[in-house]
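Worksheet: one structure, shown below.
FYI, it's all coordinate maths here, none of it is from the lab. Given the structure is predicted, the values throughout are model-derived calculations rather than measurements. Ideal geometry is used to build each Cβ from the backbone, glycine not excepted, and the neighbour counts take in all protein chains shown.
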Amino acid sequence: MKLRGRKIVGGKAEGELIVSRKPLSFLGGVDPETGIVTDAESDIRGESIAGKILAFPRGKGSTVGSYVIYALRKNGKAPKAIIVGEAETIVATGAIIAGIPMVDEIDVSKLKSGMRVRVDADRGEVEVLSDG
Amino acid sequence: MFLTKEEELILAGEYGYALQKAMEILVALGEVYGAERLIPIKSAQIAGVSYKNLGEAGLEFLRDFVNAGARVSVYTTLNPAGIGDEEFMEKQREVLELYRAMGIETTSTCTPYYGANLPKFGDHLAWSESSAVSFANSIIGARTNREGGPSSLASAIVGKTPEYGLHLDENRKATVKVKVEAKVRGFVDYSALGYHLGKTLGSDVPYITGLKPESTDYLKELGASMAATGSIALYHVEGETPEYREALVDKVETITVEEADLRAVRESFSDDWGEIDMILIGCPHASLMEIKGIAELLKMRGRPLRIPLFVTASRAVKALADSLGYTETIERYNGRIIADSCFVVSPIKGWYRGIATNSGKSAFYFRSFGFSVRLDDAERLIKEAP
């Protein structure tokens, strides 16, 4: 299965998916030291996004959340790529300053945690390699 | 999005890493929101100043960005800083130093328009701080989207912003008409109205009828409360704000605000004085007129307050209050004017448990932090306080 969206930050990555069904807040919602989701309202609370390909519908919360994405990268706990339904200021800015490949306009409901995917952000493509 | 030759060169990294990253942010946001080009801005106002919000993550980014040579290219001012313990204040000072190193005026206030940064009608801006965004758009008629800290910093560095949203005429038109039938007289009535509208409307552009605000401060509070409970960045008031004549174009829905709506807001913030251990005035930061009013109310009260009164204001306004003698009066009655700081962005849980305030914005935030809250006009708070 190949999904087509739009490039926000260029680059390529391949890895295991972690999918949040709910919008994600980075400030107060993801621990920049560990990459573990702490957002009380999140359906992937307690799970790590480090080294995975992170998919969620959209960002929410404080705009300072962009800096949390940057810190994740500096601490080696960032996701390899970010896939969202709808890009907004917080996550797009975070992915840019952290240099994490990012695509939007992807139907995230077609994705599920554990799948192996290849992201070609330059072409805005997400390819599902296996169901995991 | 169309980019000029120079913008392309910045994006390619010809002018260094910091400008390149800033340009990447603006271009990405422009693409996300469908802008056709970048437009020059007159000034920037940057949020993400308090260490409580920034944390180590933000501080690290600012350090790296300064080391990469980040410098602002337009006039830029800052949001309020936080107040905390010694360790916190050390980090807070470093944040301000880093912003200063970028060429930013480290005036830390949510009311830059009372001092260093006063835009004029039609100016394009990249401001964060939701209450200042509302003031600039609605009361002045300048044009800014509701930027976040990082996007306003990117704009300050490049000196431009993507042209979308409230920069364009068509998005400044009313999307809903609000008929105010309730009597709206004093400061706290405007707080309650803003609180109610933000909750009810979300992200509309309201056209409000039935208001005759006596003071700009009332409109400031209306917009701040609206922007706290909702994400309203622009409102029009018939006969009062500069763009109301052109605002009603499309046929839009009308909602009515009655006495009971405002009463409900006030009653939801009516915790007992027994649970209140500080009074907070100045959210957004107080004007000189508000401070003068507080000093006079304290004199009428005639005896010192048993719980502390904090009046938050910009350094510019506090300097005037100092030289005009209002600060001294306020201090005589157990009050203090706190310059360039904000309790909402300070780690004060544990220091206090309940606040009395005339601000709908403060009421909203402190309730969400788990504080007891009493919302009323400054007149009544100062008269009735223990």
Crossing angle, helix A:89-98 versus chain A [Cα axis fit, 0-90 degrees, rounded to tens]: 80 degrees
Net charge contributed by nearby residues that have their C-beta within less than 10 Å of A:ALA81 (K/R +1, D/E -1): +2
Coordinate range along principal axes, alpha carbons of region B:75-229, Å, largest first: 50, 38, 25
Distance between modelled label sites at B:LYS120 and B:GLU97, nm, 7 Å Cα→Cβ extension: 3.9 nm
Nearest-20 debye value, the protein assembly as shown charge dipole, Cβ charges on Lys, Arg, Asp, Glu: 200 debye
MRE, 222 nm, helices only [DSSP H, n ≥ 4, -39500 (n - 2.57), over the protein assembly as shown, to nearest 500]: -10500 deg cm²/dmol
Estimated distance in nm for a label pair at B:SER270 and B:ASP169, the labels positioned 7 Å out from Cα along Cα-to-Cβ: 4.8 nm
Chain A: angle of helix A:65-74 to the longest principal axis, Cα-based, in degrees nearest 10: 80 degrees
Computed P(r) (all Cα pairs; the protein assembly as shown; 10 Å bins; percent): 4, 19, 27, 26, 16, 6, 1, 0
In region B:160-196, the GluC sites (Glu not before Pro) that fall in loop regions by DSSP, at most 12 other Cβ within 10 Å: B:GLU181
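If I take every Cα pair under 8 Å that is 6 or more residues apart in chain B, average their sequence separation and divide by the length, what percent do I get for the relative contact order?
Relative contact order, chain B: 17 percent.
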Globularity index of chain B, i.e. its alpha-carbon radius of gyration over 2.2 N^0.38 Å: 0.99
Three principal axis lengths of region A:1-104 [C-alpha, angstrom, descending]: 32, 25, 23
Taking the C-alpha atoms of region B:310-386, convex hull volume expressed per residue in Å³: 100 Å³
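Based on the Kirkwood radius over alpha-carbon pairs, what value in µm²/s does the Stokes-Einstein equation return for the translational diffusion coefficient of region B:1-159 at 10 °C and 1.306 mPa s? If you can, show how the numbers build up before the last one.
Values: Rh = 15.9 Å.
Stokes-Einstein gives a translational diffusion coefficient of 100 µm²/s.
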Trypsin sites (Lys or Arg not before Pro) restricted to DSSP loop in region B:138-232 with at most 16 other C-beta within 10 Å: B:LYS183, B:ARG185
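Find the percent of Cα-Cα distances in region A:23-72 that exceed 13 Å, and round it to a whole number.
On the way: 620 of 1225 pairs.
Within region A:23-72, distances greater than 13 Å cover 51 percent of Cα pairs.
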Percentage relative contact order, chain A, counting C-alpha pairs under 8 Å, at least six apart: 36 percent
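I want the antiparallel fraction of DSSP beta bridges within chain B, as a percent rounded to 5.
Details: 4 of 40 bridges.
Taking every DSSP beta bridge with both residues in chain B, the antiparallel ones total about 10 percent.
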A:SER25, B:SER359 arranged by Cβ crowding within 10 Å, fewest neighbours leading: A:SER25, B:SER359
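Explain nothing, just the number: relative contact order of region B:43-109, from Cα pairs under 8 Å at least 6 residues apart, as a whole percent. Each step should come with its number before you reach the end.
Working: 89 pairs, mean separation 29.3, N = 67.
Once divided by the residue count of region B:43-109, the mean separation gives 44 percent.
With N set to the residue count of region B:210-304, report its C-alpha Rg divided by 2.2 N^0.38 Å to two decimal places. Intermediate results must be reported in sequence, preceding the final value.
Numbers: Rg = 17.2 Å, N = 95, 2.2 N^0.38 = 12.4 Å.
Scaled against compact globular proteins, the figure is 1.38.
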Nearest-0.05 FRET efficiency for B:THR209 and B:MET289, computed from C-beta distance (R0 25 Å): 0.45
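If you restrict to DSSP beta bridges whose two residues both lie in the protein assembly as shown, what percentage is antiparallel, to the nearest 5? Each step should come with its number before you reach the end.
Details: 22 of 69 bridges.
Of all bridge pairs located within the protein assembly as shown, approximately 30 percent are antiparallel.
Which ordering of B:TYR190, B:TYR326 is given by a fewest-first count of other beta-carbon atoms within 10 Å?
Values: B:TYR190 27, B:TYR326 24.
Listing B:TYR190, B:TYR326 from fewest to most nearby Cβ atoms yields B:TYR326, B:TYR190.
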Residues listed by number, region B:194-233, amide nitrogen under 12 Å from B:LYS183 label point at 7 Å toward C-beta: none
Helix axis angle, B:187-201 relative to chain B longest principal axis, alpha carbon, degrees: 50 degrees
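Please order B:VAL265, B:VAL188 by the number of other Cβ within 10 Å, starting at the fewest.
On the way: B:VAL265 23, B:VAL188 27.
In increasing order of surrounding Cβ atoms, one gets B:VAL265, B:VAL188.
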A:ARG45-B:PHE88 pseudo-label distance in nm [points 7 Å out on the Cα-to-Cβ vector]: 2.5 nm
Estimated FRET transfer efficiency (A:GLU127, B:ASN334; beta-carbon r; R0 60 Å; 0.05): 0.35
